[in-house]
Every structure is written in C-alpha cells, then in structure tokens.
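Only one structure is covered here, and it is reproduced in the block below.
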Amino acid sequence: MPSVMLKKNAEGKLVFYVPKKDLEEVAESIEFDTPDKWGGEVLLSDGSKYYFDPVNAQPDFPVTLRAKRLDSGE
Amino acid sequence: MAALTKEETEALIQEVLEVYPEQARKDRAKHLAVNDQSLEKSNKCITSNRKSQPGVMTIRGCAYAGSKGVVWGPIKDMIHISHGPVGCGQYSRAGRRNYYVGTTGVNTFGTMNFTSDFQEKDIVFGGDKKLAKIMHEIEELFPLNKGISIQSECPIGLIGDDIEAVAKKANKEINKPVVPVRCEGFRGVSQSLGHHIANDAIRDWVLENRDGDDTFPTTPYDVAVIGDYNIGGDAWASRTLLEEMGLRVVAQWSGDGTIAEMEKTPKVKLNLIHCYRSMNYIARHMEEKYKIPWIEYNFFGPTKIAESLRKIAALFDETIQAGAEKVIAKYQAEYDAVIAKYKPRLQGKRVMLYVGGLRPRHVIGAYEDLGMEVVGTGYEFGHNDDYDRTIKEMGNATLIYDDVTGYEFEEFVKKVQPDLIGSGIKEKYIFQKMGIPFRQMHSWDYSGPYHGYDGFAIFARDMDMTLNNPCWKQVKVPWKTDGSSKVAVAASA
Ligand code: SF4
C-alpha cells in the first residue's frame with residue numbers, strides 16, 4: 001500500500017508521485033473521474049496499475065492517498 | 001577526437017566492466033548507460049540510488065553530510081550542533097563556501113563548528129544530559145542565535161539517545177526553535193537521504209511555526225528560492241534577477257538563509273526550486289498542505305536563464321512577464337559580449353561531468369552556450385527522477401554513469417579523452433596529473449558565483465582560464481606530444 005501524492009499538471013492531467021520510488025508518472029486513465037465519484041483503477045503511462053478506494057467526491061488536489069498496486073507493469 | 005557512436009560507447013562500457021568479478025560486474029552494469037533521447041523514462045536504462053559496492057572507490061557522503069552540510073548548515077542565524085564525536089563536523093567545517101552576510105560568532109554562525117564532542121562515557125551512559133547542558137551554554141555564549149538544530153552523527157542512533165525529548169524541553173526553556181534531526185550517517189545509501197530527513201525535520205519542526213499568524217504582510221508577487229545554497233554567492237546572483245523582474249523574494253533556502261525566512265515560506269505564492277534533488281520533498285509538502293505550486297528553474301547560462309525567467313513569469317501577470325523580458329533585454333549586451341569573447345576559444349571542446357544531484361544536468365546549457373559539448377555526465381546521489389530529467393539534456397550516445405567508481409571514471413576519461421572535466425576535489429588531482437584540464441564543479445574551484453547573468457561571465461572566464469592554460473602543454477613529455485600520444489596513454493591503462 002504505497003502512499004501516492006497526486007496533483008494536476010498544467011494540462012489538467014493527474015500526476016502520480018510515489019516518494020519511496022521516486023516514481024513520477026502521468027495517469028492515462030482513471031476508472032471513476034466524475035464530480036461525484038472518484039477512484040478505482042488508475043493506469044499510468046508506464047503501464048503500471050494502481051487502485052484507489054472510490055470516494056464520493058473529487059479529492060482536493062494535491063493530496064496524498066493510499067493506493068494498492070495491481071500489477072508490476074514491468 | 002570524434003564523438004563515439006552508440007556501439008562504441010557500449011563497447012567502452014563493456015570493456016571497463018571486464019575487470020570486475022562477476023557479481024560486481026552485474027551490479028555496476030546497471031549503473032552505466034548510453035544515452036538514448038528517445039527514452040521517456042530513465043529506469044529502462046539506468047539504476048540509481050542504490051548501495052555502493054564494497055571495495056570500490058565511491059565519492060558519496062553520508063546522511064549527516066546531507067543534512068548538516070547541505071540543507072541545515074547554511075541557515076546562518078541558527079546554531080547547528082554536530083551531535084556526536086568531534087570529527088564529522090570538524091573535518092567538514094566551512095568547506096562548502098555558502099556565503100552569508102553577518103558577523104560570524106555574533107549573529108551568524110555559518111563557518112563555525114559546534115559539537116557535543118562525544119567521549120567514551122557519553123557512548124556508555126548516553127549523551128542526553130550533555131546535550132541539554134550544551135543548549136544552555138549556547139544561549140549564554142551566543143545569545144543572538146535564533147534557534148538550534150541537533151544534527152545526529154552515527155553514534156546517536158546506535159546508542160538510542162532521545163534527542164527529541166531534549167529538544168522539546170530545551171525549546172520551552174530557551175523559547176527558540178530547537179530542531180532534532182535524525183540524520184545519522186548510516187541511514188540510506190548516500191547524502192541524499194540526509195536531504196530528505198532534513199526536509200522532514202523542517203516540515204515537522206519549523207514550517208508550522210507561523211500557521212494562523214497573518215501579521216506578515218504579503219504581496220501577490222511573493223516567491224521563495226528553494227535549493228540554492230549560495231555557493232560563492234550563487235543565490236545572490238539569482239535573487240537580483242528575480243527582484244528585477246518584479247518578484248519579491250521572501251526566503252532563500254538555505255544559502256544565506258534564516259530561520260525566520262523558512263517560517264514565512266508557507267505565505268509565498270510560488271516556490272522556485274533550483275536543486276530539485278535536495279529540496280523537492282519540502283516543495284511537494286508545501287504544495288499539498290499550503291497549496292503553494294512549485295516549479296524547477298535553471299539559472300546556468302543565458303539560454304536556460306531566459307527560458308526559466310519566462311517560465312516563472314508565465315505564472316504571474318503581465319507586469320512580471322514584461323519584467324522578465326526587460327531583464328533578459330537588459331543583460332543581453334553583457335552576455336552576448338561574454339559569448340563573443342569566449343566562444344571562439346572554447347568552441348567544440350568536450351566536457352565530462354560528475355557532480356552531485358543537480359549540476360550534472362543543469363550546467364549542460366551553460367557549456368552549450370559557449371559552444372562546448374558535454375559528452376558524459378553522472379550523479380553521485382541522483383535518483384530515477386534526476387536521470388529522467390537528464391536524458392533529454394544530453395546528446396545521443398553520450399555516456400551516463402551513476403555513482404561512478406574511481407576506476408571507471410579514469411578509464412572512461414582515458415578513452416573518451418575530454419578536453420575538460422568538471423567534478424569534485426577528490427577527482428581533481430588524479431585528472432590534472434593525467435594532464436587533463438579540470439574544474440571543481442561543487443565549490444566552483446573557490447570561484448563563483450556561476451548562477452545568473454553575472455555568474456555566467458565568471459563561469460566562461462574560469463572555463464577558458466583552465467582549458468587554455470599554457471601549463472597543459474608542459475605536462476606531457478616531449479616524446480608523447482604528437483598525434484599518437486593519445487593511443488599510447490590509453491594502451492598503458
Ligand atoms: S558516516 Fe557517521 S561517523 Fe561518518 S561522517 Fe557521517 S555521521 Fe560521522
């Protein structure tokens with residue numbers, strides 16, 4: 001369960017940062033990304049997948065959340 | 001000598017790796033790479049921030065060096081106690097040349113060494129009592145100090161002293177910030193973790209001090225300069241440019257910085273990060289907690305300076321944007337003259353770099369402004385994200401080396417035959433004795449500043465002075481001065 005810091009970049013895309021791994025990636029897709037539901041599976045541009053427990057509102061970015069790693073993506 | 005092709009560079013790496021025993025070879029192979037600009041991510045080609053191999057000569061420092069030497073040390077109005085035996089602090093005292101304004105020993109303490117000077121009995125019975133006593137001694141002898149930080153050396157973690165408790169108690173008694181930093185040297189693989197630990201200590205013990213206090217008058221143009229250690233006056237040369245374009249620099253972290261500036265940083269509108277490696281952590285924290293955006297910038301060489309000034313200005317209104325253009329125009333005649341003077345003398349010269357965590361990529365632009373080419377670069381303690389940022393800056397098929405060993409660096413240099421090497425004091429004399437011009441790129445070889453337009457003029461002069469120094473002609477023995485000499489040197493490796 002790594003802690004992931006999430007923020008929006010200038011283009012409005014979600015940027016993923018995992019401090020422990022110095023991993024900085026842009027999210028390609030998010031399973032739920034509407035004003036009243038956010039979370040689920042997130043696919044990063046390097047192919048790895050993470051999972052966030054869905055919440056009922058958009059988080060207030062930037063924010064640190066816990067994520068589950070779904071596959072190694074290597 | 002012509003540039004190496006991708007295959008040649010790969011062959012060179014293989015050749016250099018040959019001498020290692022199998023295990024070491026496998027490990028070191030991961031840290032050496034041929035640059036490929038088409039890659040988006042460095043982890044496909046290079047591994048970094050790993051433990052150095054036992055038995056090789058590494059140039060790295062320890063976590064204490066990262067915290068005391070880099071992040072905390074330059075905060076001039078605090079007293080930083082090197083907590084533990086005397087050596088760690090004394091042998092690194094005042095070595096980093098972070099300039100500051102003030103009267104040393106009265107209201108500033110940058111070049112002094114404060115230590116708890118551990119003896120056997122402190123190891124056996126613990127040093128907390130001694131530490132508490134030191135706080136009061138400091139208050140008595142140096143009443144104008146604005147706070148104290150406790151920089152742990154190795155033994156503190158080993159004997160399990162509770163420096164946090166001592167700090168809390170002292171904080172109440174002397175009524176100034178007292179910051180315990182758990183930066184024992186054995187933590188992590190290099191000084192890099194020390195930077196991180198120091199950032200975390202700032203986060204936990206300093207940044208919140210003025211939360212809820214709005215007495216500090218702010219402006220829409222407040223910024224903080226983060227990760228500029230004012231080596232040879234770098235931060236000053238940077239600060240003038242920012243101020244000239246209309247911004248107000250509220251804080252300098254940490255070169256010529258004060259604890260009050262740090263405490264006020266959460267009030268700024270934008271954090272400007274120069275050394276990403278050592279201070280991105282705190283910038284990210286402030287972004288999350290105080291919603292302060294941050295950007296990286298680069299003040300080495302006119303091309304990168306103009307790029308950075310415009311990038312910074314784009315985040316403000318038209319006055320600042322116009323200010324940025326004005327600054328660039330104002331200095332144009334000056335830096336054009338520098339280029340006109342030195343470029344003909346330096347054109348086409350090839351440089352190899354090996355520095356800490358930022359400069360291996362940040363100074364490339366400054367060399368290119370002078371018509372020079374960086375053909376190899378590497379970090380002592382860079383991480384993946386540093387190499388990500390390096391790939392695009394370096395030419396294709398150039399060498400990239402992480403935590404390079406003394407042996408590898410020498411062999412690379414013998415084969416690549418650069419015209420100039422930029423690295424640290426530990427490398428300097430080896431390469432000078434090999435007859436290769438050398439500049440220290442940590443301490444600017446006791447020169448500087450190199451940041452900003454003013455710094456660029458000094459940078460260009462220094463590179464010329466070193467490279468075109470007539471002494472290099474005297475270093476080579478007469479029978480090796482013809483064209484075959486390079487081959488002969490290489491073969492004797
Ligand atoms: S590794 Fe430990 S003993 Fe050595 S300088 Fe660093 S803190 Fe001091």
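The values are calculated or read from the model by the stated rules, or taken from the named source; none is laboratory data. Just so you know, these numbers come straight off a predicted model, no measurement behind them. Because the Cβ atoms are built from the backbone with ideal geometry, glycine has one as well, and the counts that use them run over all protein chains shown. Each accessible area value is taken on the protein alone, full model and side chains, heavy atoms only, with ligands, DNA and RNA left out. Shrake-Rupley method; radii C 1.70, N 1.55, O 1.52, S 1.80 Å.
Before moving on, here are some points about what is shown:
- Extension gain, B:Lys392 back to B:Arg50 (0.36 nm per residue minus Cα-Cα distance, nm): 120.8 nm
- Within a straight-line Cα-Cα reach of under 26 Å, B:Lys326 can be paired with the following lysines, leaving aside sequence neighbours fewer than 8 residues apart in one chain: B:Lys269, B:Lys304, B:Lys311, B:Lys341, B:Lys343.
- Global form of the protein assembly as shown, assessed from the alpha-carbon gyration tensor, a/c cut-off 1.5: rounded
- Protein accessible area in chain B, 1.4 Å probe - carbon and sulfur %: 55 percent
- Computed from the C-beta positions of B:Thr104 and B:Met57 and an R0 of 41 Å, the FRET efficiency is 0.70 to the nearest 0.05.
- Trypsin sites (Lys or Arg not before Pro) lying in DSSP loop within the stretch B:272-375, provided at most 13 other Cβ fall within 10 Å: B:Lys291
- Subtracting the Cα-Cα distance of B:Asp211 and B:Tyr446 from 0.36 nm times their residue separation leaves 80.6 nm of extension gain.
- If R0 is 41 Å, the Cβ-Cβ spacing of A:Thr34 and B:Asn175 corresponds to a FRET efficiency of close to 0.20.
- Averaging the Cα positions of each part gives two centres, and for the stretch B:311-326 and chain A these lie 32 Å apart.
- Taking GluC sites (Glu not before Pro) in DSSP loop conformation with at most 16 other Cβ atoms inside 10 Å as exposed sites, chain B has its longest uninterrupted site-free stretch at B:41-493.
- Each semi-axis of the equivalent ellipsoid for chain A is √(5λ) with λ an eigenvalue of the Cα gyration tensor; in descending order they amount to 17, 13, 12 Å.
- The stretch B:127-143 versus the stretch B:346-411: alpha-carbon centroid distance in Å: 45 Å
- Available extension along the chain between B:Lys168 and B:Glu15 is 49.5 nm, counting 0.36 nm per residue and deducting the alpha carbon span.
- Cα long-axis angle, helix B:6-17 against chain B (0 to 90 degrees, to the nearest 10): 70 degrees
- FRET efficiency, B:Ile159 to B:Asn113 (Cβ-Cβ, R0 25 Å, nearest 0.05): 0.70
- Of the chymotrypsin sites (Phe, Trp or Tyr not before Pro) found in the stretch A:10-52, none is in coil by DSSP with at most 13 other Cβ atoms within 10 Å of its Cβ.
- Here B:Lys130 is the anchor, and the lysines within straight C-alpha reach of less than 29 Å, apart from those fewer than 8 places off in the same chain, are B:Lys68, B:Lys76, B:Lys121, B:Lys146, B:Lys168, B:Lys169, B:Lys172, B:Lys176.
- With all protein chains kept in place, the per residue accessible area of chain B amounts to 41 square angstrom at a probe of 1.4 angstrom.
- For the stretch B:23-64, applying the loop criterion from DSSP together with a ceiling of 12 other beta carbons within 10 Å to the trypsin sites (Lys or Arg not before Pro) yields B:Lys51.
- Residues in the stretch A:7-51 occluded by at least 50 Å² - accessible area, probe radius 1.4 Å, against chain by itself: A:Lys7, A:Tyr17, A:Asp22, A:Glu24
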